[in-house]
1. Could you tell me how many of the residues in the stretch 85-99 are assigned to a strand (DSSP E or B), touching a residue at least 24 places away in the same chain (Cβ under 8 Å) and touching a helix residue (DSSP H, G or I) at 6+ places or on another chain (Cβ under 6 Å)?
2. Being within 16 Å of ligand 1 (Cβ to nearest atom) and more than 29 Å from residue 192 (Cα to Cα) is the filter here; which residues of the stretch 125-153 pass it?
3. Determine whether the stretch 178-197 contains at least one residue that is within 22 Å of residue 97 (Cα to Cα), modelled with pLDDT of 90 or more, in contact with a Ser or Thr (Cβ under 8 Å, 6 or more places away or on another chain) and not aromatic (Phe, Trp, Tyr).
4. From 191, 236, which residue is free of Cβ contacts under 8 Å to residues at least 60 places away in the same chain, farther than 14 Å from residue 173 by Cβ and part of a helix (DSSP H, G or I)?
5. For the stretch 3-43: of the residues being outside any loop (DSSP other than H, G, I, E, B) and charged (D, E, K, R), which is farthest from residue 212 (Cα to Cα)?
6. Any residue in the stretch 203-219 that is in contact (Cβ under 8 Å) with a residue 40 or more places away in the chain, within 16 Å of residue 11 (Cα to Cα) and assigned to a helix (DSSP H, G or I)?
7. Among the residues that make up the stretch 103-124, is at least one of them touching a strand residue (DSSP E or B) at 6+ places or on another chain (Cβ under 6 Å) and within 11 Å of ligand 1 (Cβ to nearest atom)?
8. Out of the residues in the stretch 63-121 meeting the condition of being more than 9 Å from ligand 2 (Cβ to nearest atom), polar (S, T, N, Q) and at pLDDT 90 or above, tell me which one is farthest from the chain's Cα centre (by Cα).
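The values are calculated or read from the model by the stated rules, or taken from the named source; none is laboratory data. Computed from a predicted model, the values in this text were never measured in an experiment. Methodologically, a virtual Cβ is constructed for each residue, glycine included, from the backbone with ideal geometry; neighbour enumeration extends over all protein chains shown.
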Amino acid sequence: MMAREPPPPGSFIVPDWHRCKESKEYFNKILHKKKRKNFGLLESPVMPPHAAVDTVHYKIFLSGKSGVGKTALAARLAGLNIPKMHHETTGIQTTVVYWPVKLRENGRVLFFRLQLWDCGENALRRFDHLLPSCKEQVDAVIFLFSFTDRTSFEDLSNQIPKWTEPSYGCLVKVVVGTKFDLFMHCDVPERDVRKFQETWRLPVHRSGGEVSDGLGDVAPILNCLAENLWHQDCVRAGAAGQHPQHDTVTLP
Ligand SMILES: Nc1nc2c(ncn2[C@@H]2O[C@H](COP(=O)(O)OP(=O)(O)O)[C@@H](O)[C@H]2O)c(=O)[nH]1
Ligand SMILES: [Mg+2]
C-alpha cells in the first residue's frame with residue numbers, strides 16, 4: 001500500500017493558536033492556576049452557553065518497547081508530572097487530553113478529546129485480550145523510539161507495517177523520539193531520522209526534558225495529531241460522500 005502523505009502542518013488548523021489572544025478563553029478551560037487541569041474519564045471542559053463548542057473524540061494507542069517513555073509521554077501531553085522511576089505499566093492505563101483547535105476553513109473551534117492508551121509490554125505479552133482491545137476502533141498510533149536506544153529506532157520498521165493492514169482502514173501514524181534531552185547519549189543521528197522520514201513519510205517529533213507549565217512543548221505534537229485526525233475524518237467522510245460526522249457532545 002502506498003504511504004499517504006500527511007498534510008503539511010497548518011493545512012487545516014490554525015498553527016500556534018495557543019499563542020493568540022482570542023484562544024485564551026478556550027485554553028483557560030484546560031488550565032488551572034497556570035497548570036494543566038487533570039481530566040478524569042467522565043470530566044470535560046465546560047464553556048459558558050453562548051460559547052459552547054463541540055468535542056470530537058479519538059482513541060490513540062502508544063506503541064513502543066518497555067522503557068522507551070510511553071508513560072512519560074502520556075503524562076507530558078496531559079501536563080502531569082513525569083514519574084522519575086521506571087515501573088513497567090501494569091495492564092492498560094488511559095489518559096485523557098483535551099486540546100482546543102481552530103479550523104482554518106470556517107474558523108470553527110473544536111475541543112479534541114484524545115484518549116491515550118498506554119499498555120505495558122509484559123502485560124501485552126501475558127494477556128492476549130489486551131492488544132485487541134487496544135486496537136479496537138483506534139484512530140491513531142503514536143510510535144515511540146528513544147534517542148538513547150538505537151534498537152528502539154530500528155524496531156520502528158517492524159512496528160509500523162503491523163498497523164498498515166487494510167483491516168485498520170486509514171489510521172493516523174505519528175512518530176515521537178523521546179529522551180532528546182539526553183543528547184550526550186544520543187544513539188540516533190539526525191541523518192538517520194531524515195532518512196526514516198523520507199522512507200515512511202510520517203511526521204517525527206522530538207521530546208524530552210522537564211515538563212514545563214507552558215503549552216509550547218506539547219502544542220506541536222497535539223496540533224499534529226489533531227490535524228491528521230481531522231484530515232482522516234474528512235477523507236473517510238469524502239469516501240462515504242458526506243460531511244464528517246461525530247459523536248458530538250453539546251456542553252451544558
Ligand atoms: N531524560 C528523559 N527521561 C525520560 C524521557 N522519557 C522517559 N524518560 C524516563 O525513562 C524511563 C522510562 O519511561 P517510561 O515512560 O516509564 O517508559 P515506558 O515503559 O515506555 O512507559 C523513566 O525513568 C522516565 O523518567 C525523556 O524524554 N527524557
Ligand atoms: Mg509504562
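1. 3
2. 125, 126, 130, 131, 134
3. Yes, because at least one residue in the stretch 178-197 is within 22 Å of residue 97 (Cα to Cα), modelled with pLDDT of 90 or more, in contact with a Ser or Thr (Cβ under 8 Å, 6 or more places away or on another chain) and not aromatic (Phe, Trp, Tyr).
4. Of the residues listed, the single one that is free of Cβ contacts under 8 Å to residues at least 60 places away in the same chain, farther than 14 Å from residue 173 by Cβ and part of a helix (DSSP H, G or I) is 191.
5. The residue in question is 22.
6. yes
7. Checked against the condition, which is being touching a strand residue (DSSP E or B) at 6+ places or on another chain (Cβ under 6 Å) and within 11 Å of ligand 1 (Cβ to nearest atom), the stretch 103-124 yields at least one hit.
8. Step by step, filter the stretch 63-121, then rank; the result is 106.
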